[in-house]
Every structure is written in structure tokens, then in C-alpha cells.
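Single-structure report; data block below.
The values are calculated or read from the model by the stated rules, or taken from the named source; none is laboratory data. The structure presented is a predicted model; accordingly, all values stated were derived computationally and were not measured. Don't worry about glycine lacking a Cβ; one is built from the backbone with ideal geometry, like all the others, and counts go over all protein chains shown.
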Amino acid sequence: MKKLIECVPNFSEGRDLTIIKKITDEIKNSDGVKLLDIDPGHATNRTVVTFVGEPDAVVDAAYKAIKKAGELIDMSKHSGEHPRMGATDVCPFIPIANITMEETVIYAKKLAKKVGEELGIPTYLYEEAATSPERRNLAIIRAGEYEGLEKKFATGKLLPDFGEAKFNVRSGATVIGARDFLVAYNINLNTTSTRRANSVAFDIREKGRIKREGNPISGKIVRDANGNAVREPGTLKSVKAIGWFIEEYGLAQVSMNLTNIKVTPLHKAFEETVKSASNRGMRVTGSELIGLVPKKVLIDAGKYFLEKQERSTGIPEEDIIFIAVKSMGLDELKPFDPRKKVIEYLLEDNGNNKLIELTIKGFADETSRESPAPGGGSIAAYCGVLGASLGTMVANLSAHKRGWDNRWKEFSEWAQKGQTLKDKLLFLVDEDTNAFNKIMDAIRMPKTTNTEKQLRTNAMVEATKYAIKIPFDVMKTSFETLDLLDYMANEGNPNSVSDAGVGALSVRTAVEGAFMNVKINCKDLKDEDFVNNILKQGNKIMDLTSKKVDEILKVVYDKM
């Protein structure tokens, strides 16, 4: 399995699109990485770029982009709302798949060494790659920003980890590291006052504000026994925040970094900001996400707001995300397209020509052509999809039924189960065709030498077993949906009982149709133990399905 690292370099240019393009083209044209997002900000004069790839490829692409940024961006002429200290201000690595944080740190250090030594840019390591505890915090390293670098080097304090402690007038300094996933998030306020926005930021951020006696603004600073200022912590853990005014939008924002979304998820940060702003006579009007987020961030937010409304959360994920977007006003300042902001969507292989992406007519037309796939296996899986979808529909109608308000959570839980089953069966629609294609690939393998013949035979056996396993999974998953349909027939909205009945019939077709595919592929396999075991289980599922569907249909007809 591929090791994947995400890289999110922040370049100190957000206004000149020609310069931004030249920098990001270095990434785009690099082998082994995929450029996911380019997010320029005019007021901050900063562009956040996101790309993913295998570790060495990420190091190479990041180096090229940092080099190009150093050539094109003159920090002596730079100004913007966001703190910064270099042309490439910060460049974090984030472990995404099949790689540990410890391994990710190794690659971050590899890049930092190369940048410092080969490009002559003073380079610091931060977060998990930091060489000392105080250097973990980006704010400490970046204190004084670009303008303070020369003095910082002259005093010998906080010297770079790589490269000479020599002021690079054009490129400044760069901070490279490894960290967990961070969400950059700005919340819009109905004020133009940076001071008011800062008051909200201090309320919510983890480090809070300095404690004072009496007047919270002009009062005497409270100090501990060692003379250090005492701080009043904010309400949100793992949150860094400041207030600023964005001239581009004509409003003030609370700009925050959520450094651990398991501790403080996006919706919690939004709600706490709403609360603080309201207490201070302001109103949150919307928010914006900078860069990309994992799908779970928006799904969790959408479910949170649906539950506040006592609405079912067992709806399609795009509907859940829509609720998240509207609840937090993510589209207030500019259009918000989840397909361009969610990592998982951007990593999807859009050139795969999935059956489930076709229209109903397109699917029917594709099935009717002379090619053997898609065939009965994919159709059986799709019948299972329809059965699960109908059961889920009845659950959602029941959750929203007038007079049943006290049962919304009960039916919401059933609807969530139905969505999970539906999504698994949708995957199996395409996977059945992929399984057939694996057999065809094995058939086409060369068979000139004895070695080639043996490799071909082994591939045929494995492909055939997979072509048996997929429809068998369709059988099992479709059968699981009968619990949902049974509950909906007995307990769900009585006006939709016929829908539960049609769902049960769809599941019967799915199970029986899938078993036909299991049996026809078993006849070509010589592994008798495997065949006998799978057929025994298949026959049992067939019997249980027939019995369960008959029970559901009896309930359906009795209620009609």
C-alpha cells in the first residue's frame, strides 16, 4: 500500500496570480504528487496550497516550489494581514495513509536540510519535527516576523536549524515541520473592529488572555510567584485564534487554527464563537474554510446541526454537508463547493467511469449493450441498493412524521444503518464488474512457458474466487437490510408500508440474483472445500431471506 503525505505550504503571495501559478506549476508538473487546492487570499497576501503524494515525491515537489517562491517573491516589499517571515512562510507535512508521524518527521527534516543548505534560506523545524520543546510552537519561531529576523540572528537567539543565521533579504526564513491535520478557519463578525474581534478570539482560544485586576483592559497584570503574567484560559482546547479586519470583505473575523479536531471540532468552534460574540453584542454572519478538510469534519458538523433540529441524520452525505455549509455560513463570502474543499472528493479517481455515476438511463443503456459487463451481478447489487434506499426512505419519513416527534432519534438511527448498507451495496455494483474484468485480465496473461502458465493459472484461481466473493457479499449485505425493512413495515409510517414491501421484494431479487452469480462462478473453480463452504452459506442465506421476505409481505398486505 502506498504511503501518502499531505503537504500544505503557505506562500507569501496572494494577489499576483501569475506568480502563484508559476509556483504551483512546479508542484503540478512534479511526478508522484497530486495538486489538490490553491487558496489565495488578497487581504492576507498569502496563498495556501495543498498537495499529496508519496514521501520522496512530496519532498521533491515542495523543494521546487520553495525554490521558485524564493526567486519570485521579494519579502522586502511584502505586506499583508497574516503573520509571516518568509516567501515560503511555513511548509508542514501531514501523515495521511500508511505512514507514521515519526516517518513523516524524517521527510520534513530531509526537506528542511535541503532548503537551508542548497537555497541559502534559514530554515526552522517546528511541531513534531522541532529540535526543542519551545520550537514546537510556530508563533514562538515567527515572533517578530520577517522584519525581526536580522535582529534575531544578530542576538544569537533562536537560530535556524538549517542554513546560515544570515538575513536573506529577499526570501526571509522558512519553517518546515510535521503535524497532525490542522483546520484553518475564519469566522465572520458583523463588526469592523479588530479590537472587538480580538476580544472574542481571547474568549475562545486555549491560551486565553492575560489576567488583570479590576478593569480587564487597563487593570494591573496579575503575576505568579515567579513574576510571570497569569493567563485566563479560553473555552476551547487545541485552538489558536486572533482577530483581524479584512478590507477585501469589509468586516472583522476571528481567525483560528484548530490543531486537534478530535478535541475541538469545527462546529464546536463555530458555536462557541457565536456564544462569545453574542455576549459582546455582536453577531456571527458566516465563516470560511482555508484550504482543505477531511470529509468527516463537515459530516460531523452537519449531523450536529441536524440533531439540534431533531431531524434524522440518516440522509445522503451530500445532504448532511449541505446542512453544515448553510448552518455555518461557509458560502457567505464566496461559493463553497465541497467537491473542491474535501480531501476525499479530490482524491477520487474521476476517470474510472463508475456505473453508479451514470444516470438511470445511462446504466440501462450500458447494461443492454453486447459487452458481458455490467451484467446480472451488478444488477443484483443495485436491486439491493434500491431495497436499502426504500427502507431508509421510510425511516426518514417516519422520523419527520407529525405527531411522532418523540421518535425522531429512533428512526434516525435506523436511517443511518440504511445509508451505510446502501453505500456498501453501491460499491459492490461497480466491484462486481471489476471482478469480472480481473478474470478477463487473467485470461489474457501469456502462457508460453511453464512459469507463465503457472502464473496464469494462479491468477485465474484468485480472480475466480474474487468473482465469487463479491456476489456473496451482495447476498450478505442485502440480507442485512431486511431487519430495516421489517422494522419499517411494523413500526414505520403506515402511509409508506407499501414502500417497505417493494424494498423487501427488491432484496429478494438481490439475494437470489447474487446467488446465481456465486453458483455460476463456482462451477469453474476446482477448490472443492472453498466451493462447498460458500454454497452452504449461500443456501442458508437464501432460505432465511425467503422466510423473512414472506413475513414482511404478510405485514404489508395486512396493513393495506
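Things worth noting here:
- Odd one out for Tyr124, checked against (1) in contact (Cβ under 8 Å) with a residue 60 or more places away in the chain; (2) of a type in the set (Phe, Trp, Tyr); (3) not in a loop (DSSP other than H, G, I, E, B): (1)
- Any hit, the range 463-476, residues being under 17 Å from Gln416 (Cα atoms) and either touching a His at 6+ places or on another chain (Cβ under 9 Å) or not aromatic (Phe, Trp, Tyr) (or both): no
- Of all residues in the range 424-433, those that are touching a residue at least 60 places away in the same chain (Cβ under 8 Å) and of a type in the set (D, E, K, R) total 2.
- Single residue of the range 294-322 satisfying the filter (within 30 Å of Phe51 (Cβ to Cβ) and among the acidic types (Asp, Glu)) that is surrounded by the most Cβ atoms within 10 Å (Cβ to Cβ): Asp300
- One residue from Leu125, Leu111, Leu149 being surrounded by 20 or more Cβ atoms within 10 Å (Cβ to Cβ), more than 22 Å from the chain's Cα centre (by Cα) and within 25 Å of Lys2 (Cα to Cα): Leu111
- Number of residues in the range 505-525 that are in contact (Cβ under 8 Å) with a residue 40 or more places away in the chain and not in a helix (DSSP H, G or I): the value is 2.
- Residue check, Met488 outside any helix (DSSP H, G or I) and hydrophobic (A, V, I, L, M, F, W, C): no
- Condition check for Ala62: under 25 Å from the mean Cα position of the chain (by Cα), more than 24 Å from Pro122 (Cβ to Cβ) and in a helix (DSSP H, G or I): no
- Of all positions in the range 258-274, none carries a residue that is assigned to a strand (DSSP E or B) and either in the same structural domain as Val8 (by TED's automatic domain parsing) or more than 27 Å from Lys295 (Cα to Cα) (or both).
- Residue match in the range 232-247 (condition: in contact (Cβ under 8 Å) with a residue 12 or more places away in the chain, exposed (fewer than 15 other Cβ atoms within 10 Å of the Cβ) and assigned to a strand (DSSP E or B)): yes
- Scanning the range 148-181 for residues that are among the aliphatic types (A, V, I, L, M) and either in a loop (DSSP other than H, G, I, E, B) or out of contact with any Asp or Glu (no Cβ under 6 Å at 6 or more places or on another chain) (or both) gives Leu149, Ala154, Leu158, Leu159, Ala165, Val169, Ala173, Val175, Ile176.
- Matching entry among Asn495, Asn490 (being among the polar types (S, T, N, Q) and within 17 Å of Val549 (Cβ to Cβ)): Asn490
- Test: residue in the range 204-221 that is surrounded by fewer than 22 Cβ atoms within 10 Å (Cβ to Cβ), in a helix (DSSP H, G or I) and in contact with a Pro (Cβ under 9 Å, 6 or more places away or on another chain): no
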